[in-house]
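These notes concern the structure reproduced below.
Quick note: the coordinates plus some simple rules give every number you see, no bench work behind them. A quick note: this is a predicted structure, and the numbers were derived from the prediction, not measured. Neighbour counts are summed over all protein chains in view; Cβ atoms, including those assigned to glycine, are modelled from backbone coordinates with ideal geometry.
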Amino acid sequence: MGLTVFKPFRAGPVLFTGALLWLTMIAPAQADEPQPERAEDLRYGWVLYEYHQGNAFEALTQLAVAREQGGIDGHGDHPALVEGGLMLSWGMTREASRLFTELLGADGAGSTLSTDVRNQAWFYLGKVFYLEGDHDLASENLERVDGDILAEANHDLFREWIYLRARLAMMSSRFGDESDLASLRAKLEDTDIWSLYLRYNSAVSALAAGDAVTAEAELQALIAIIEQSTDSAEPEAEREGLLGRARLSLARLYLRDNQFDAALGVLGDMPLNGVFADQALFDYAVAAAGQGRPERALHALDTLSNRDLFLPWRQQVPFARAYVLEQMNRPQQALPAFKQAADHYQARIEELNNIRNRLSEENLMAQLDFSRDSDGILTDSYGRLRVQPVDFGMAEVLASETFQQALAELNELYRMQSFVAERQSRFESFRVMLETREQQRQVRIAQTRRALENQQADQWQQLHQEFSEKISEALTEEDAGFFMTSKQKALRDKLDKVEETLAGLPDDATTASQRATYQRMRAYFDWWIADDYGVNRWAAQKQLRELNREMDRFQAQRQRVETLMADDARHAELARRIAASERELATLGEEIADALGNARQALLSQVDSMLVAQQEELNGYLLASRHAQARLADQLFRASQNAGAGDE
């Protein structure tokens with residue numbers, strides 16, 4: 001009948017939502033650098049878009065891609081801080097702590113960070129370690145926080161910082177003095193919700209140490225403070241819940257010491273519609289029975305039995321009701337009550353057997369009602385899924401931390417599997433794109449080949465070769481006529497016609513004079529050709545060199561076109577990268593499938609273990625009910641026999 005330690009990480013200064021809110025509103029990463037009012041880097045804009053959409057995993061993916069592509073410019077260390085907050089919201093506490101540690105540096109100075117950012121970074125690091133149960137590291141990091149700066153920057157975080165330090169001091173107070181704890185508690189007002197939680201946990205610690213007197217005093221003081229502090233900024237439901245827990249814990253402390261009157265006094269103040277109303281009713285029945293008032297106990301049990309017995313601890317109600325009837329010396333009513341209890345336990349055991357026999361992930365998920373929105377399943381401030389049991393027999397296992405973690409892990413793995421499937425579908429699109437590109441390439445190759453054929457490249461190459469050979473031959477033979485210019489060739493043709501004409505004329509004085517003139521013209525022409533031979537030869541060779549260069553360029557371009565048509569390196573590289581990515585993605589998919597199988601098995605094992613434990617408990621009640629039923633039946637039979645003998 002012990003107390004439960006409260007770990008009140010509530011809405012507001014919670015680790016995950018608080019960290020993300022802080023990371024979007026903090027000062028710039030560089031102390032003297034003005035914070036940009038808009039994203040300076042397009043990749044960072046994508047990250048912020050995914051973050052504000054609530055897609056932590058997608059935002060982390062964008063940050064990883066940006067890091068592989070050279071990092072984000074224009075924002076200093078701010079993207080790394082955002083990444084740490086996203087890791088916390090995704091439940092990656094160790095990765096987030098490692099990232100914050102790297103930002104703060106080996107010596108923890110974090111010289112590139114502003115004072116306020118560095119101070120809050122130490123706070124969140126300490127909180128991460130506290131949640132992970134590493135109290136030494138949590139204390140070490142929380143001690144580095146400057147309380148004055150934190151109080152000025154965020155008073156809610158300051159109050160939570162005091163609470164965390166006080167809890168750590170409370171855990172270590174068993175091994176030293178409690179002066180630090182007292183000084184820390186003095187910094188919070190008595191009506192502060194964090195102070196109330198500290199007072200409750202102080203009672204828990206005292207009871208664990210065997211100091212029931214101190215535990216009782218702390219619980220009484222806590223109840224009195226909550227009852228008197230009607231005006232508070234804290235949520236009323238939370239304070240009422242803490243008040244109900246404190247009253248129930250105090251009543252169970254009284255029951256443990258058989259102080260039934262005191263227990264009844266405390267339980268009588270608890271409302272019947274409160275969070276702990278059912279436990280209070282059962283404890284009230286125990287106290288009333290111990291006080292010697294079985295009528296009150298029976299009334300409380302009747303009230304409780306009219307409610308759904310979906311929690312395992314409530315399964316004792318049918319047996320307890322029959323037991324109270326027996327204690328009231330009403331065996332005629334107690335006997336059917338024990339029989340009804342035995343039938344109830346038998347039916348419940350068979351129901352649990354059926355559940356175990358057909359236990360599967362599909363059936364398990366059918367018993368859970370998840371809160372969803374357009375982006376998927378909603379989570380609370382700790383990253384746990386928001387889920388309610390359809391079958392309230394699942395309530396106890398659903399409330400366990402291990403089950404919640406396994407359920408969250410299973411959900412994350414399914415999200416990753418969906419992410420991988422989406423990427424695989426994109427690879428299908430890539431393959432279609434590559435096929436389309438290859439088809440278009442073949443069309444362009446066919447068009448290019450037709451264009452090359454129309455250019456008659458081989459014929460031009462042959463003509464070029466013949467022209468080169470002719471020039472080479474003319475150079476060898478020193479053929480001046482071959483290198484004549486167009487003007488010279490035209491004059492040669494005219495002279496040839498003149499010579500032909502003169503050859504057909506009769507020989508007379510006039511003709512002789514004309515022939516002499518022609519001879520002088522021919523001699524001058526021959527001298528002119530011989531004199532211009534060097535110049536004409538150089539001009540022809542120059543043109544040949546230019547033609548050679550153009551032909552070489554033409555051949556190189558043609559060869560390049562042929563090479564491109566024969567092999568597309570870019571296409572091959574893209575296809576290779578896609579194939580490599582597909583293999584990596586397939587490997588990742590296999591690993592996720594294995595992890596899913598393990599997570600699924602772990603989840604089902606937890607549920608099966610819970611069902612086995614419930615069956616064992618129900619078997620005990622069933623056995624006790626049948627023994628009591630047999631005992632009362634024998635008692636009534638003997639009483640009837642004795643009554644019959646007396647009549648005779």
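Cross-link partners among lysines for LYS127, C-alpha distance below 26 Å, same-chain residues fewer than 8 apart left out?
Once the sequence-local lysines are set aside, what remains near LYS127 is LYS7, LYS187.
Order these by the 10 Å Cβ neighbour count, fewest first: VAL128, VAL266.
Values: VAL128 23, VAL266 26.
Placing the least packed residue first, the sequence is VAL128, VAL266.
Projecting each Cα onto the charge dipole of region 150-281 (Lys/Arg +1, Asp/Glu -1 at the beta carbon, about the Cα centre), which of LEU272, ASN201, LEU243 comes out farthest on the positive side?
Final value for the positive-end residue is ASN201.
Please work out whether region 186-250 counts as rounded, prolate or oblate from its C-alpha gyration tensor, where a ≥ b ≥ c are the square roots of the eigenvalues and a/c under 1.5 means rounded, while otherwise a/b larger than b/c means prolate and anything else oblate? Walk me through the intermediate numbers first.
Values: a/c = 2.22, a/b = 1.65, b/c = 1.34.
Because a/c hits 1.5 or more and a/b exceeds b/c, region 186-250 counts as prolate.
Which one of GLY534, GLN557, LEU547 has its Cα pushed farthest toward the positive end of the charge dipole of region 533-615, where Lys and Arg give +1 and Asp and Glu give -1 at the Cβ?
Sorting the options by dipole projection puts first GLY534.
Once you list every other residue whose beta carbon is under 9 Å from the beta carbon of TYR200, what net charge do they have if Lys and Arg are +1 and Asp and Glu are -1?
Working: positive: ARG199, ARG245; negative: GLU218.
My count for the surroundings of TYR200 gives +1.
Please list 3J(HN,Hα) in residue order for region 489-496, calculated via the Karplus relation 6.51 cos²θ - 1.76 cosθ + 1.60 where θ = phi - 60°; whole Hz, with x for glycine and proline.
Result, ordered by residue: 5, 5, 5, 4, 5, 5, 5, 5 Hz.
For region 560-575, just list the computed ³J(HN,Hα) in residue order, Karplus coefficients 6.51, -1.76 and 1.60, θ = phi - 60°, integers in Hz, with x standing in for Gly and Pro.
5, 4, 4, 5, 4, 5, 7, 8, 10, 5, 5, 4, 5, 5, 5, 5
Sorted by packing (mean other beta-carbon atoms within 10 Å per residue), highest first, where do 446-452, 179-185 land?
Numbers: 446-452: 11.9, 179-185: 16.1.
Output ranking for 446-452, 179-185: 179-185, 446-452.
Assigning unit charges at the beta carbon (Lys, Arg +1; Asp, Glu -1) and nothing else, what dipole magnitude in debye, to the nearest 20, does region 239-325 show about its Cα centre?
Numbers: 10 positive and 9 negative charges, 29 e Å.
Using Cβ point charges on Lys, Arg, Asp and Glu, region 239-325 gives about 140 debye.
How would you order 479-486, 509-516, 625-632 from highest to lowest mean count of nearby Cβ atoms within 10 Å?
Highest-to-lowest ranking by the protection proxy: 625-632, 479-486, 509-516.
Over region 456-597, calculate the relative contact order: mean separation of alpha carbon pairs under 8 Å at least 6 apart, over the residue count, as a percent. Please report the intermediate quantities before stating the final value.
Values: 29 pairs, mean separation 40.8, N = 142.
After rounding, I find 29 percent.
In terms of Cα to Cα distance under 27 Å, which lysines are near enough to LYS470, apart from those fewer than 8 places away along the same chain?
Within the straight-line limit of under 27 Å, LYS470 reaches these lysines: LYS487, LYS489, LYS494, LYS497, LYS542.
Charges only on Cβ, +1 for Lys and Arg, -1 for Asp and Glu: so what's the dipole of region 457-571 about the Cα centre, in debye to the nearest 20? Present the calculation step by step, with values, prior to reporting the outcome.
Numbers: 17 positive and 22 negative charges, 102 e Å.
Dipole size: approximately 500 debye.
When TYR621, TYR518, TYR345 are ordered from fewest to most other Cβ atoms inside 10 Å of their Cβ, what list results? Walk me through the numbers on the way to the answer.
Numbers: TYR621 21, TYR518 15, TYR345 24.
Least crowded to most crowded, the residues run TYR518, TYR621, TYR345.
Direction-averaged shadow area of the convex hull around the Cα atoms of region 420-530, nm²? Could you put the intermediate results ahead of the total?
Values: hull surface 53.6 nm².
Across all orientations, region 420-530 yields a mean hull projection of 13.4 nm².
Around ILE471, with a cut-off of 14 angstrom between Cβ atoms, what is the net charge of the other residues, counting Lys and Arg +1 and Asp and Glu -1? Kindly include the intermediate steps, with their values, before the conclusion.
Working: positive: LYS470, ARG537, LYS542, ARG545; negative: GLU466, GLU469, GLU473, GLU477, GLU478, ASP479, GLU546.
Overall, the nearby charge balance is -3.
Dipole magnitude of region 327-369 about its Cα centre, charges +1 at Lys/Arg Cβ and -1 at Asp/Glu Cβ only, in debye to the nearest 20?
360 debye
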